[in-house]
1. Which far-off residues, 5 or more places away or on another chain, put their amide H under 5 Å from the one on residue B:37, with H placed in the peptide plane?
2. Give the cross-link partners of residue A:90 among the lysines, using a straight C-alpha distance below 19 Å as the criterion and excluding same-chain residues fewer than 8 apart.
3. If you look at just the Cα atoms of the range B:24-68, how large are its Rg and its Dmax in Å?
4. Run the paramagnetic zone check for residue A:141: 7 angstrom along Cα to Cβ, then residues of the range A:76-119 with backbone nitrogen under 13 Å.
5. Based solely on C-alpha atoms, express the radius of gyration and the Dmax of the protein assembly as shown in angstrom.
6. Helix-only estimate, please: 222 nm mean residue ellipticity of the protein assembly as shown, summing -39500 (n - 2.57) across DSSP H runs of length 4 or more and dividing by its residues, to the nearest 500.
7. If the elastic network links every pair of Cα atoms under 10 Å, which of A:23, A:86, A:60 fluctuates the most in the Gaussian network model of chain A?
8. With the radius of gyration and the Kirkwood radius both derived from the Cα set of the range A:17-184, what is their ratio Rg to Rh?
Protein chains: 2
Amino acid sequence: NKQPVTTTSYSDRGMSLEAELNESNQYYLANDIAVIHKKPTPIQIVKVDYPKRSAATIREAYFRQPSTTDYNGVYRGHYIDFDAKETKNKTSFPLKNFHEHQIIHLRACVKAGGIGFAIIRFTNESKTFLLPATTLFEYWDAQAHDGRKSIPRDVIEDAGFLIPYHMNPLIPYLNAVDQLIAAQK
Amino acid sequence: NKQPVTTTSYSDRGMSLEAELNESNQYYLANDIAVIHKKPTPIQIVKVDYPKRSAATIREAYFRQPSTTDYNGVYRGHYIDFDAKETKNKTSFPLKNFHEHQIIHLRACVKAGGIGFAIIRFTNESKTFLLPATTLFEYWDAQAHDGRKSIPRDVIEDAGFLIPYHMNPLIPYLNAVDQLIAAQK
Ligand SMILES: [Mg+2]
Ligand SMILES: [Mg+2]
């Protein structure tokens, strides 16, 4: 039942949040803790060649806008859904990092009983937080009224959960999910 | 919060199981019942052109083997994971329709507390069943011992749940999921 763990050639320095999350998800999977994957990027395929004796080759294709977030899966029987975002800002997280369809998707997931959140990294200090979807929705909806286009860092520290760096997994974000689930009870 | 429902141009006759499931999932989403999507096909991108003033064009890419099943999402707080398969056989469902990585993935999902199953259609009579993952695992594992390479249709009728055709949604498979959840309690 164990899955092989691919060792990546990334060094920790400069490894993107996404690469670190993928590695963490491999750890969680290999240790029977959770099954969470990044979804493939949706591609619109226009032209495919089928050469004799070799693999089908896509010759013309375009990137499509995803209609969901990047990550989902199952942990402790809970449906987990999130997106990961990095910002160079120091004092706030700009809402323009999210697309409306991602917010719509997260809202639908939470409504159906799933656990939704964002993983936000302030790259300047390399600090990573889990932000509950409900706080994200609050600030997203308020934009239209108060014109504020970002979530203050204080709010993220308060309403969110710090994810300290760790070994195995590198980003132990499911500990923060445990806290989120406990807080929702 | 409502998402637009794309009306498809398929007629019922000859519509593939996958197309019917996608349409059913759109119905479930638009009516706030469940959030279940088919995952994009994973593609290995080798060469991309970035023409001026137009969209990035993928010029060389290859299909990759998916490491999961095709469908997942959330319903009534449950994580849902499945694959859809059609067979022209009449009296049994050939196990070769599944890849080992799909079985491994379904096993991991069930172990993590998710609801796993297959949706199997006998195309000859156009009869569709939900088969619980546990029955699939039983026959998958037995192959090595008894050499039987298929699941008898009787077993699918018995251990599975018939999904009758319907309007809105066309394939009301979440009714069968309700039965599966109730049976597991
Ligand atoms: Mg993303
Ligand atoms: Mg399939």
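The values are calculated or read from the model by the stated rules, or taken from the named source; none is laboratory data. Predicted model only: the values in this text are computed from it and were never measured. FYI the Cβ positions are ideal-geometry reconstructions off the backbone, even for glycines, and counts take in every protein chain you see. Ligands, DNA and RNA are excluded from the accessible area calculation, which covers all protein heavy atoms including side chains. Shrake-Rupley method; radii C 1.70, N 1.55, O 1.52, S 1.80 Å.
1. Those lying under 5 Å, H to H, from residue B:37 are B:72.
2. Qualifying lysines at Cα under 19 Å: A:127, A:149.
3. Cα radius of gyration and Dmax of the range B:24-68 are 16.4, 43 Å respectively.
4. Label zone hits: A:104, A:107-108, A:111.
5. When restricted to Cα atoms, the protein assembly as shown yields Rg and Dmax of 21.7, 68 Å.
6. On the way: 10 runs with 118 residues, N = 370.
That calculation yields -10000 deg cm²/dmol at 222 nm.
7. Most flexible of the set in this elastic network: A:60.
8. Details: Rg = 17.9 Å, Rh = 17.3 Å.
Reported Rg/Rh, Kirkwood definition of Rh: 1.03.
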